[in-house]
Ligand code: KG4
Ligand code: ZN
């Protein structure tokens, strides 16, 4: 089956053609980073308008890159949640119109499910699937999400959140700290580069949510520590102090992510860890995760960067797994800002199970 995937949940307009084995035939991403850069974060209304401008040419490019015509597509898979409502609607409405006009089945896909299955994508004909066996533990770290999952299989009920961030996502923390330090947007790549030349121990910053036994994260306190440091000591110029501060911040974030991921894998008795999301591009995170997995006798799977960041190939593949079994959500796709995956952490409120009745 050849599936057209469409993804417009945040600030990337994406379309891709993938078959049900995960082989990517085309993968087109139009990023809005430059559009949102002056604001230091994604502006929802600007995102929707830009998706509207670009979604059609992006789909046309994906079809052309795959050497196909629209009529040769067997089904459509579109991200319907979680994300910015206006942005999601652009992709969903267009996908539904297209499916209707072509007389093809369409399915709505949860964006996080796409990320969790991205490790199975292949970009070259003839390569064999190199993804992990089920179950595996996934650390999903992006600008919008930071959570640990146990993935027992490729369907939604088989994916369970073990813990998520109570406040900022890890990528969001990188972006906010970069803004604070006048380093521009997105902050991850520039902090990553500066941290390489810094000493992570010279500036003391508290470790966020240090308990190894909790799979929950919190990064807003760490961001505040950096803000307090800047208030107290002044904003560093382009000097060693800036590099030390970036190194200290990044070390705390990476330490927390790696410790909690390994802790969760141990508790679940699952020796396979998968990284995903844009923050998986981070050099120190990759290195330390590899080191920690080797020490714990676990296998680490890090997808290609293009599979880690937002893309439509992962959406096409997640949808393909339902479309091959005859699924069709025609007339029944609703957008939502929330994921359909079972969540245990409530933003700002701690664990769901810990809430008192009536709270
Ligand atoms: O997955 P992604 O492309 O988009 C979504 O958030 O959905 O992730 C983007 C995030 C941004 O917050 C960016 O600062 C962060 O990933 N990022 C990094 C690095 N590259 C991108 N964070 C740390 N180190 C990096 N090298
Ligand atoms: Zn994403």
Within the stretch 310-322, how many residues turn out to be in contact with a strand residue (DSSP E or B) (Cβ under 8 Å, 6 or more places away or on another chain) and either surrounded by fewer than 23 Cβ atoms within 10 Å (Cβ to Cβ) or free of Cβ contacts under 8 Å to residues at least 40 places away in the same chain (or both)? 1
Taking the stretch 144-186 and keeping residues outside any helix (DSSP H, G or I) and over 20 Å from residue 259 (Cα atoms) leaves 144, 152, 153, 154, 155, 159, 181, 182, 183, 184, 185, 186
Which condition from (1) surrounded by 17 or more Cβ atoms within 10 Å (Cβ to Cβ); (2) out of contact with any helix residue (DSSP H, G or I) (no Cβ under 9 Å at 6 or more places or on another chain) is the one that residue 237 breaks? (1)
Which residue, of 164, 87, is touching a helix residue (DSSP H, G or I) at 6+ places or on another chain (Cβ under 8 Å), at negative phi and more than 10 Å from ligand 1 (Cβ to nearest atom)? 87
Do we find that residue 126 is over 21 Å from the mean Cα position of the chain (by Cα), over 26 Å from residue 342 (Cα atoms) and either surrounded by fewer than 22 Cβ atoms within 10 Å (Cβ to Cβ) or at pLDDT below 95 (or both) in this structure? yes
Out of the residues in the stretch 190-221 that are at pLDDT 95 or above and assigned to a helix (DSSP H, G or I), state the one that is surrounded by the fewest Cβ atoms within 10 Å (Cβ to Cβ). 193
Residues being at pLDDT 95 or above and crowded, with 20+ Cβ neighbours inside 10 Å - total across the stretch 140-154: 8
In the set 268, 284, 297, which member is in the same structural domain as residue 191 (by TED's automatic domain parsing), within 11 Å of ligand 1 (Cβ to nearest atom) and at pLDDT 95 or above? 284
Note: among 240, 250, 291, just one is modelled with pLDDT of 95 or more and more than 24 Å from the chain's Cα centre (by Cα), namely 240
Would you mention how many residues in the stretch 270-285 are more than 16 Å from ligand 2 (Cβ to nearest atom) and under 13 Å from residue 149 (Cα atoms)? 3
Yes or no: residue 92 within 16 Å of ligand 1 (Cβ to nearest atom) and on the phi < 0 side of the Ramachandran plot? no
Pairs only if they're at least six apart or on different chains, beta carbon under 8 angstrom, first in the stretch 185-197 and free of Cβ contacts under 8 Å to residues at least 24 places away in the same chain, second assigned to a helix (DSSP H, G or I) and near ligand 1 (Cβ under 6 Å from one of its atoms); list them, first residue then second. 187/174; 187/175
Quick check on my filter: what residues within the stretch 262-281 are outside any loop (DSSP other than H, G, I, E, B), surrounded by fewer than 23 Cβ atoms within 10 Å (Cβ to Cβ) and more than 15 Å from the chain's Cα centre (by Cα)? 262, 263, 266, 267, 268, 272
Tell me whether the stretch 93-108 contains one or more residues that are in contact with a helix residue (DSSP H, G or I) (Cβ under 7 Å, 6 or more places away or on another chain), more than 23 Å from residue 336 (Cα to Cα) and assigned by TED's automatic domain parsing to the domain that holds residue 315. yes
Are any of the residues in the stretch 245-254 touching a residue at least 12 places away in the same chain (Cβ under 8 Å), away from ligand 1 (no atom under 16 Å from the Cβ) and out of contact with any helix residue (DSSP H, G or I) (no Cβ under 6 Å at 6 or more places or on another chain)? no
Among (1) touching a helix residue (DSSP H, G or I) at 6+ places or on another chain (Cβ under 6 Å); (2) within 22 Å of residue 9 (Cβ to Cβ); (3) not in a helix (DSSP H, G or I), residue 131 falls short only on (2)
When the residues of the stretch 288-309 are filtered to those that are buried (at least 17 other Cβ atoms within 10 Å of the Cβ) and in a strand (DSSP E or B), which remaining residue is farthest from ligand 2 (Cβ to nearest atom)? 300
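The values are calculated or read from the model by the stated rules, or taken from the named source; none is laboratory data. These figures come from a predicted structure and were not determined experimentally. Every residue, glycine as well, gets a Cβ built from its backbone with ideal geometry; the counts of neighbours run over all protein chains shown.
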